[in-house]
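Below is one structure, written out as structure tokens; the observations come after it.
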Amino acid sequence: MTDVPATDVQATAETSTDSLTVRDNRTGQSYDLAITDNTIKAADLGQIRLGDEGPGLATYDPGFVNTASCRSAVTYIDGEKGILEYRGYPIEQLAEKSNFLEVAYLLIHGTLPSKAEYDSWVHEITYHTFVHENVKSFMEGFRYDAHPMGMLMASVGALSTFYPDARNIHDAENRHLQMVRMIAKMPTLGAWSFRHAQGKPFVYPDNDLSYTANFLSMLFKMSEQKFEADERLVKALDVLFILHADHEQNASTNAVRSVGSTQVDPYSAVAAGVGALFGPLHGGANEAVLRMLRRIGSKSEIPAFIEGVKNGNEKLMGFGHRVYKNYDPRATIIKKACDDVFEVNPLLEIAQELEKIALEDEYFVKRKLYPNVDFYSGLIYEAFQFPPEMFTVLFAIGRTPGWLAQWLELVQDKEQKIARPKQIYTGDRTLDFVPASERWA
Ligand code: CMC
């Protein structure tokens with residue numbers, strides 16, 4: 001290989017202060033890469049090669065720890081400061097002063113609705129809450145003990161077969177209709193997944209009720225003419241939906257975007273999001289927190305449990321976050337709600353003590369591990385008599401507008417391409433195949 005003088009700069013950017021100069025010590029060659037929005041384009045690294053042939057330089061980033069996959073104007077997070085904003089509005093203000101359907105409108109449309117826009121949005125969502133009767137028979141076909149998240153994932157995916165028009169993702173009106181349908185039908189599918197596990201008949205939507213009150217009716221109504229949910233519960237659940245409504249490029253949103261990048265219909269993309277959310281490292285953590293607290297059993301067992309975590313035996317579920325290196329602002333709101341809901345609750349006392357001990361322990365301090373949204377949400381859900389299997393379903397209903405807002409942004413973004421990461425191949429090459437008849441002889 002011929003030596004290239006170290007000063008030879010192959011400019012990809014106008015040499016300006018908004019650039020990064022990279023020197024490849026294998027060749028001595030330098031490159032200027034443009035910096036935009038504090039990022040470099042990974043594709044710009046492709047020009048850095050050892051010779052004329054072979055692949056260009058790439059980045060290796062399992063789990064996208066330091067890779068931006070899109071530009072997004074939906075949700076802003078400052079993980080160091082513990083800030084979360086939807087379309088620029090602080091989560092604390094939305095949780096206190098808005099409601100879930102207004103927040104859903106905000107996430108999807110980018111601005112707050114006028115009175116007429118809000119009324120029309122609520123009307124549309126309310127009148128799409130019913131599902132085709134065949135969805136009901138489909139859901140009845142699950143085993144008696146099917147996990148409601150598995151049922152939700154399958155039934156959201158199944159909606160794509162009921163609405164084949166949803167494949168027309170390039171038509172704005174069509175996209176709007178599918179988003180309305182999905183936000184409207186998620187509570188119906190979620191509630192029916194719950195009723196199935198209980199062996200109880202499915203309850204049809206009651207369109208006289210608000211979004212959240214109707215969901216509670218479909219969950220808990222029995223023989224009464226009309227189900228009247230406790231207003232405090234309706235309000236609390238609505239706030240929990242708001243807190244979960246979006247969280248920028250988290251694992252499930254990334255799944256929605258990744259599947260959506262193939263230009264498949266939004267039901268299939270959201271089904272992928274539900275699957276990702278099911279995992280215990282993501283939305284399934286709230287269920288895992290409650291099981292963990294039960295297993296710890298009493299405050300006196302906390303030190304031994306913490307030792308086990310520090311020795312790597314298990315994780316302190318509900319702690320830690322890829323982005324937050326501070327208290328998750330959603331956890332602050334939920335913790336306060338816990339104080340309002342519970343007078344005495346042994347599990348809450350264990351959780352509070354566990355948090356106190358962990359926040360003073362060097363292991364957690366050094367790694368900046370704080371309670372996340374899931375640490376206290378399970379306790380609230382349990383207080384409202386939801387079984388743990390339902391916790392992640394509640395998360396999924398809340399997250400649906402966020403998934404859809406991100407999906408909408410994706411399909412309108414000219415820079416987006418089919419998601420297709422690179423790999424570093426570590427396997428064998430050019431082996432000679434020996435047929436089974438010879439290998440086994
Ligand atoms: N308990 C004990 N140690 C932990 C925990 C925890 N909960 N979380 C992270 N660590 C340690 C981890 O072992 C690592 O230590 P070391 O540097 O010695 O190897 C260090 O902290 C950094 O962790 P990481 O796994 O590299 O961080 P990550 O960004 O890849 O993972 C996470 C983020 C949320 C998956 C992780 O913190 C975790 O597994 N937490 C428990 C599950 C949980 O509560 N998930 C809900 C997340 S919030 C809601 C949502 O988005 O769904």
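Since every read-out is calculated from the coordinates, none of them should be taken as a lab result. What you are looking at is a predicted structure, and each value in this text was computed from that prediction instead of being measured. So basically every Cβ, Gly included, is an ideal-geometry build from the backbone, and we count neighbours across all protein chains shown.
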Kyte-Doolittle mean at least 0.5 and Cα axial length at least 15 Å: DSSP H helices in the chain:
148-162, 231-244, 266-278, 373-383, 391-412
Can you give me the orientation-averaged projected area of the convex hull built on the Cα atoms of the stretch 180-265, in nm²?
7.1
On a C-alpha basis, how far is the centre of the stretch 24-69 from the centre of the stretch 270-313 in Å? Whole number, if you could?
38
Roughly how far apart, in whole Å, are the Cα centres of the stretch 82-134 and the stretch 401-440?
35
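How about the stretch 207-280: which GluC sites (Glu not before Pro) there lie in a loop by DSSP and see at most 10 other Cβ atoms within 10 Å?
Working: sites: 224, 228, 231, 248; in loops: 224, 228, 248.
Listed in order of number, the matching sites are 224.
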Can you work out the FRET efficiency for the pair residue 146 and residue 117, with r the C-beta to C-beta distance and R0 = 56 Å, to the nearest 0.05?
0.90
Could you estimate the translational diffusion coefficient of the stretch 322-441 from the Stokes-Einstein equation, with Rh from the Kirkwood formula over C-alpha pairs, at 10 °C and 1.306 mPa s, in whole µm²/s?
82
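Test of the criteria: in the stretch 351-420, which GluC sites (Glu not before Pro) are in a DSSP loop and have at most 10 other Cβ atoms within 10 angstrom of their Cβ? Each step should come with its number before you reach the end.
Details: sites: 353, 355, 360, 362, 382, 389, 409, 415; in loops: 415.
Passing both the DSSP loop test and the Cβ count: 415.
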For the stretch 199-263 and the stretch 338-395, what is the separation of their C-alpha centers, rounded to whole Å?
21
In a solvent-free Debye calculation with one equal scatterer on each Cα, what is log10 I(q)/I(0) for the chain at q = 0.07, 0.08, 0.09 Å⁻¹, listed in the order of the q values?
-0.43, -0.55, -0.68
List the lysines whose Cα sits under 21 Å from the Cα of residue 325, skipping any in the same chain fewer than 8 residues away.
81, 310, 315, 335, 336, 356, 366, 368
